[in-house]
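The values are calculated or read from the model by the stated rules, or taken from the named source; none is laboratory data. Owing to the predicted nature of the structure, the values given are computational and were not obtained by experimental measurement. With ideal geometry, Cβ positions are generated from the backbone for all residues, glycine too; neighbour counts draw on all protein chains shown. Heavy atoms of the whole protein, side chains included, go into the accessibility calculation; ligands, DNA and RNA do not. Shrake-Rupley method; radii C 1.70, N 1.55, O 1.52, S 1.80 Å.
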Amino acid sequence: MLELDLSDDIQALRSTFGDIRAVVDVDALTAEIARLSDAAGAPDLWDDVDAAQKVTSALSHRQAELKRITEIERRLDDLDVLVELANEMEDEDSAEEARRELAELEDLIGQLEVQTLLDGEYDARSAVVTIRSGAGGDDATDFAEMLMRMYLRWAERHKYPVKVMDTSYAEGAGIKSATFEVDAPYAYGTLSVEAGTHRLARISPFGGADKRQTSFAAVEVIPVMEEAQEVEVPEGDIRVDVFRSSGPGGQSVNTTDSAVRITHLPTGIVVSMQNEKSQIQNRAAAMRVLQTRLMLLQREEEAAKKKELAGTMTASWGDQMRSYFLYGQQLVKDLRTGHEVGNPTVVFDGDLDGFISAGIRWRKRKTDD
């Protein structure tokens with residue numbers, strides 16, 4: 001006789017979910033959606049395109065957040081019914097479906113619980129991710145492209161919209177650098193734990209000698225700023241170069257010089273944009289990213305100075321943060337949290353939630369200490 005009892009597990013999930021619901025403040029979220037819906041319905045909304053895009057983007061993010069909460073609530077209720085049905089019908093198929101649903105809900109609620117730890121000033125914003133190849137020649141540029149695909153696949157798994165803003169292809173394999181935007185609630189808070197130096201160790205497919213090669217790539221994550229006017233950038237501090245957008249191997253993909261590269265001369269920060277067809281649009285997008293980077297750099301310098309004065313100056317948590325071993329014992333290991341996965345293939349295919357959750361919890365503990 002079938003006797004499926006998941007009551008304790010479901011009750012534990014409901015308890016955790018209730019705490020999350022209280023932190024999220026669903027009533028306040030619903031009120032904010034109503035306010036933004038009214039604003040989005042204004043007849044003169046699109047008279048100011050920039051303002052309209054901010055309203056519609058904020059509305060979309062809030063609606064997605066509420067939908068996630070209500071969907072989990074509905075699935076918890078349906079799970080109770082499914083367990084009851086399995087027991088009444090003594091149906092092992094329904095019982096197995098209930099166990100799978102329980103596991104999926106545990107995963108979803110676990111992710112949502114981690115999101116409640118994202119309480120930084122910019123954590124709720126979308127993210128701009130830049131990947132740069134480091135030491136290692138063709139292996140490094142190939143590794144940078146592997147990381148880019150990994151993050152794009154992660155975003156695809158979560159149905160997060162992504163816009164590739166700039167890609168600089170290497171002469172051999174892979175990419176020198178790439179910049180893309182992940183447009184989703186809490187994308188910055190979530191992906192910011194991925195910032196730092198990533199290291200790949202493998203038998204190189206590019207060298208003649210059958211020896212292990214080590215290569216590096218850097219990941220930078222910054223929030224999407226609606227307004228980055230806090231940092232004034234004098235025209236004399238920047239050099240603006242325009243060039244023709246290109247694809248792999250230098251192949252032209254644009255017949256006009258619409259791509260823009262802005263160099264901030266005092267700091268050496270370089271931002272390139274070639275996603276838009278208009279040079280004006282690419283320049284505006286590049287300036288927003290530059291201003292955000294300068295603002296964050298200014299705040300990092302202020303925080304570092306405070307730590308130095310307090311005698312607690314330490315290296316950034318993001319440096320040398322993860323190693324990927326593709327020879328011998330296959331392994332991906334986070335050097336900060338100790339989280340590891342013995343199947344690099346699934347990690348490079350976008351299965352990053354375990355690393356990200358561990359990173360967010362690790363960062364929260366470091367902040368609270």
- [ ] Can you give me the P(r) profile for the chain? Cα pairs, bins 10 angstrom wide beginning at 0, each as a whole percent.
- [x] 5, 19, 27, 26, 16, 6, 2, 0, 0
Open item on the list: What aspartates and glutamates does Lys211 reach when the alpha-carbon gap must be under 16 Å and sequence neighbours fewer than 8 apart in one chain are set aside?
Closed with: Asp138, Asp139
Open item on the list: Need one word for the stretch 86-230: rounded, prolate or oblate. Basis is the Cα gyration tensor (sqrt eigenvalues a ≥ b ≥ c); a/c below 1.5 gives rounded, then a/b vs b/c decides.
Closed with: oblate
Task: Cα-Cα separations in the stretch 1-79 greater than 14 Å, expressed as whole percent - done: 70 percent
TODO: Work out, step by step, the length gained on full extension between Asp48 and Glu73: first 0.36 nm times the residue separation, then minus their alpha carbon distance; give nm to one decimal.
DONE: 5.2 nm
- [ ] With springs only between Cα atoms under 10 Å apart, run a GNM on the chain and tell me which of Val182, Val240, Val332 wobbles the most.
- [x] Val240
- [ ] Report, in degrees rounded to the nearest 10, the 0 to 90 angle that the Cα long axis of helix 49-89 makes with the longest principal axis of the chain.
- [x] 30 degrees
Task: Proximal charge balance of Tyr151 [Cβ under 14 Å; K/R count +1, D/E count -1] - done: -3
- [ ] At q = 0.13, 0.16, 0.19 Å⁻¹, what is the base-10 log of I(q)/I(0) for the stretch 7-154 according to the Debye formula with one equal point scatterer per Cα and no solvent? Please give it to two decimals.
- [x] -0.85, -0.99, -1.12
Open item on the list: Please report the antiparallel percentage of DSSP beta bridges with both residues in the chain, rounded to the nearest 5.
Closed with: 90 percent
- [ ] Between Leu108, Leu152, Leu294, find the one with the highest GNM mean-square fluctuation for the chain; connect C-alpha pairs within less than 10 Å.
- [x] Leu108
- [ ] State the percentage of accessible surface on the chain attributable to carbon and sulfur atoms; use a 1.4 Å probe and exclude ligands, DNA and RNA.
- [x] 48 percent
TODO: Using only the Cα atoms of the stretch 326-369, build the gyration tensor, take square roots of its eigenvalues as a ≥ b ≥ c, and label the shape rounded, prolate or oblate: rounded if a/c is under 1.5, else prolate if a/b is larger than b/c, else oblate.
DONE: oblate
Task: Inter-label distance, nm, simple model (7 Å from Cα along the C-beta direction), Lys211/Thr30 - done: 6.6 nm
Open item on the list: Past 23 Å, Cα to Cα: identify those pairs from Lys163/Lys364; Lys163/Lys333; Lys176/Lys364; Lys67/Lys159; Lys67/Lys333; Lys159/Lys364, in the order given.
Closed with: Lys163/Lys364; Lys163/Lys333; Lys176/Lys364; Lys67/Lys333; Lys159/Lys364
Task: Solvent exposure, largest accessible area first (probe 1.4 Å, DNA, RNA and ligands not counted), of Phe180, Phe243 - done: Phe243, Phe180
Open item on the list: As I understand it, the value is the acute angle between the Cα axis of helix 353-368 and the longest principal axis of the Cα atoms of the chain; what does it come to in degrees, rounded to 10?
Closed with: 80 degrees
Task: Cut-off under 5 Å, modelled amide H: who pairs with Ala170 long-range - done: Ile175, Lys176
Open item on the list: If you fit an axis through the alpha-carbon atoms of helix 137-157 and take the longest principal axis of the Cα set of the chain, what angle between them do you get, 0 to 90°, nearest 10?
Closed with: 40 degrees
Task: Surrounding net charge for His264, when Lys and Arg each add one and Asp and Glu each subtract one, Cβ distance under 14 Å - done: +1
- [ ] Would you mind working out the accessible area per residue for the chain, using a 1.4 Å probe, and quoting it in Å²?
- [x] 53 Å²
Task: Sum of side-chain charges, Pro161 neighbourhood, beta-carbon under 12 Å (Lys, Arg +1; Asp, Glu -1) - done: -1
